[in-house]
1. Hey, which of the helices (runs of 4 or more DSSP H) in the stretch 272-328, taking only ones fully inside, have at least 2 residues that are more than 16 Å from the ligand (Cβ to nearest atom) and open to solvent by less than 50 Å² (accessible area, probe 1.4 Å)?
2. Looking for something open to solvent by less than 10 Å² (accessible area, probe 1.4 Å), part of a helix (DSSP H, G or I), touching an Asp or Glu at 6+ places or on another chain (Cβ under 9 Å) and more than 12 Å from the ligand (Cβ to nearest atom) - is there at least one such residue anywhere in the stretch 112-125?
3. Just the residues that are crowded, with 19+ Cβ neighbours inside 10 Å, closer than 13 Å to Ile54 by Cα and within 16 Å of the ligand (Cβ to nearest atom), please, taken from the stretch 73-111.
4. Can you find a residue that is among the aromatic types (Phe, Trp, Tyr) and more than 30 Å from Leu81 (Cβ to Cβ) anywhere in the stretch 293-301?
5. Name the one entry in Ser57, Ser28 that is within 21 Å of Gly171 (Cβ to Cβ), without any contact (Cβ under 8 Å) to a residue 60 or more places away in the chain and touching a Leu at 6+ places or on another chain (Cβ under 8 Å).
6. Sort through Leu212, Leu245 and tell me the only one that's surrounded by fewer than 23 Cβ atoms within 10 Å (Cβ to Cβ), within 16 Å of the ligand (Cβ to nearest atom), at pLDDT 95 or above and part of a helix (DSSP H, G or I).
7. Being surrounded by 17 or more Cβ atoms within 10 Å (Cβ to Cβ) and among the polar types (S, T, N, Q) narrows it down to one of Ser133, Ser138, Ser173, so name that one.
8. Being under 13 Å from the mean Cα position of the chain (by Cα) and of a type in the set (Ser, Thr, Tyr) is the filter here; which residues of the stretch 186-225 pass it?
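The values are calculated or read from the model by the stated rules, or taken from the named source; none is laboratory data. Note that the structure is predicted; figures quoted are calculated from it, not measured. So basically every Cβ, Gly included, is an ideal-geometry build from the backbone, and we count neighbours across all protein chains shown. Note: areas computed on protein heavy atoms with side chains; ligands, DNA, RNA excluded. Shrake-Rupley method; radii C 1.70, N 1.55, O 1.52, S 1.80 Å.
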Amino acid sequence: MRLLIEKAEKTHSLGKDEIAALLHDEDSTQALLQAADRTRAAFVGQDVHLRALIEFSNYCRQNCCYCGIRRDNKQADRYRLKPQEIIMHAAAAAKMGYRTVVMQSGEDVYFTVDRLTEIIREIKKMDMAVTLSIGEKSYEEYQAYRNAGADRYLLRIETTDKELYHRLDPGMSWDNRCRCLMDLKSLGYELGSGSMVGLPGQSIESIADDILFFKKIGVDMAGIGPFIPHAQTPLADAEGRAFTLSLKTMAITRLLMPDINIPATTAMETLNPNGRIIALNSGANVVMPNVTQGEYRKMYELYPGKICVNDTPARCRTCIGAKILSIGRTIGSGKGFRGEFLKENQQ
Ligand code: SAH
């Protein structure tokens, strides 16, 4: 295993069997996480980039079996922020020093192209990078958002096991999700994708495929988090909660794609009170603090036990800021696009 880790650290390349062997092995976990941390330091530096997450609607037309805001969850209290409220959330985030807002929601048809492009244009006036995470759309819609100024897009592939994907995402098509990722890339978005780890029926080998998929399509960001079962979904009794396996998947992704942005995901903190700091010490370099206000934080319940639902945006910013400084890292002052650190340090 040591040789495999060395190879990954030197060449940033591993085959599927090699990745699977690392994921299976339990004795080499610490060495793997440490190698990912060194690679993170060398390729993206000490800065942790903060992205302000606005969860602006939990209405969703999709019915993903793992997700608490799926269409058929009649117990979910639905909400959507008014366009003006979203803009106010973004302004408050800018005032707190954030340079990026991530607008995330279920697939809510209320937000038409006209409504969303208007919101994006207003936020762009605040000199913020805008990331969208609003699901599957047509090429034309992605193009309209890009023209309005959106910089990045997050769309996890969730799993590269097509059969598993179709079982867990009824009515959706894996090929269409890929089409979306290709469209987003061709439109010049910084492309974020990612996966869940520990899905029922997911094999280690398919997780190895997930990592190779991120590399093949050339993602600029990869968000990897543990699947956490939600009681009001068909997967209520599934196991999930694979913290260490998620960390290792993230660490190998860092080794193979040394200069991309990798968030320490909120789901990791849900499983371990120090989860994001552990992730930041194992290859991650981004955190997405929640800036959604009030009761909505609770209502955007993709999975149970979501952290900080009773907190305020200001307290979350202070809390995570202090944690980041306490491990000797710094908070990025720029927009944190991929490759910035390498460019600056080559001059
Ligand atoms: N509708 C948007 C945003 C989805 S929510 C989209 O389709 O991209 C963001 C991510 O939360 C999902 O991509 C999924 O990977 C994750 N997620 C959903 N339910 C989850 C659960 N039960 N446990 C862990 N992560 C979950």
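1. 275-280, 313-326
2. Yes.
3. Leu81, Ile86, Val101, Val102, Met103, Gln104, Ser105, Gly106
4. Checked the stretch 293-301: no residue is among the aromatic types (Phe, Trp, Tyr) and more than 30 Å from Leu81 (Cβ to Cβ).
5. Selected residue: Ser57, the only one of Ser57, Ser28 that is within 21 Å of Gly171 (Cβ to Cβ), without any contact (Cβ under 8 Å) to a residue 60 or more places away in the chain and touching a Leu at 6+ places or on another chain (Cβ under 8 Å).
6. Leu245
7. Within the list Ser133, Ser138, Ser173, the selection yields Ser133.
8. If the condition is that a residue be under 13 Å from the mean Cα position of the chain (by Cα) and of a type in the set (Ser, Thr, Tyr), then Ser193, Ser195 are the ones that fit.
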